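The values are calculated or read from the model by the stated rules, or taken from the named source; none is laboratory data. No experiment lies behind these values; they were computed from the predicted model shown. Counting neighbours? That spans all protein chains shown, and the Cβs are built from the backbone with ideal geometry, glycine included.
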Amino acid sequence: MPGPSDSRAAWGELPLLVDTSAWSRAHHATVRDSWVKALLAGRLRLSPAARLEILLSARSGADFDVLAERLTAVRTAPLTAATARAAQDAMRTLAHRSAGAQRIPVVDYLIAAAAQETGAAVLHYDRDYDTLAEIMAFESVWLAPPGSLP
């Protein structure tokens, strides 16, 4: 069984669009080595929507600048009109599935749609991506097993 330090074994072979839930937990000892290896291998991608969501966590101008600089280490994924249409189509599908089922954060739809558009997986720690993967063409990849990280 592959160890957690092997990012390809732990998280598959595809490029990985990073969700905020994964970004915020990347420092944990159980995933840090895999994260660094995936980053250095150029496998991590960040949607502009996720970038903005991550930057919201800055507590000051100085924190914002440091965080923005750290985010430049991750390649940018496209946010196109086709991405927005795919996100809306997924939202429509869930709305028709059951009342309120579409109430997933907009950023999650956009990240999933970007993954679908580019043939990537989504690296996350958020059950919403499992729901989106049921109706969209992307792979949902947990950063770590559900419930194993704070």
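The set of residues in region 94-110 that are exposed (fewer than 15 other Cβ atoms within 10 Å of the Cβ), aliphatic (A, V, I, L, M) and within 20 Å of residue 129 (Cβ to Cβ) comprises 95, 101, 106. For region 7-30, the condition holds for at least one residue, the condition being that it is in contact with a helix residue (DSSP H, G or I) (Cβ under 7 Å, 6 or more places away or on another chain), among the hydroxyl-bearing types (Ser, Thr, Tyr), at negative phi and modelled with pLDDT under 95. Residue 98 falls short on exactly one of the conditions (1) among the polar types (S, T, N, Q); (2) modelled with pLDDT of 95 or more; (3) farther than 26 Å from residue 148 by Cβ, and that condition is (2). Listed by position, the helices (runs of 4 or more DSSP H) inside region 1-93 whose residues that are more than 20 Å from residue 130 (Cβ to Cβ) number at least 3 are 7-11, 29-40, 48-55, 61-71. Checked against (1) more than 22 Å from residue 40 (Cβ to Cβ); (2) of a type in the set (Val, Ile, Thr); (3) surrounded by fewer than 13 Cβ atoms within 10 Å (Cβ to Cβ), residue 72 meets all criteria but (1). Go through region 111-122 and give me each residue that's assigned to a strand (DSSP E or B) and surrounded by 23 or more Cβ atoms within 10 Å (Cβ to Cβ). Of everything in region 111-122, just one residue is assigned to a strand (DSSP E or B) and surrounded by 23 or more Cβ atoms within 10 Å (Cβ to Cβ), namely 122. Going by the conditions given, is residue 129 touching a Ser or Thr at 6+ places or on another chain (Cβ under 7 Å), among the aromatic types (Phe, Trp, Tyr) and part of a helix (DSSP H, G or I)? It is true that residue 129 is touching a Ser or Thr at 6+ places or on another chain (Cβ under 7 Å), among the aromatic types (Phe, Trp, Tyr) and part of a helix (DSSP H, G or I). As a summary of the residue check, residue 83 satisfies the conditions (1) touching an Asp or Glu at 6+ places or on another chain (Cβ under 7 Å); (2) of a type in the set (S, T, N, Q); (3) over 16 Å from residue 45 (Cβ atoms) except for the one numbered (3). A count restricted to region 16-38 and to residues that are over 11 Å from the mean Cα position of the chain (by Cα) and closer than 21 Å to residue 117 by Cα stands at 1. Among the residues that make up region 98-109, is at least one of them touching an Asp or Glu at 6+ places or on another chain (Cβ under 6 Å) and among the hydrophobic types (A, V, I, L, M, F, W, C)? Yes: one or more hits. Summed over region 86-99, the residues that are touching a helix residue (DSSP H, G or I) at 6+ places or on another chain (Cβ under 9 Å) and either among the small types (Gly, Ala, Ser) or closer than 18 Å to residue 47 by Cβ (or both) give a count of 6.
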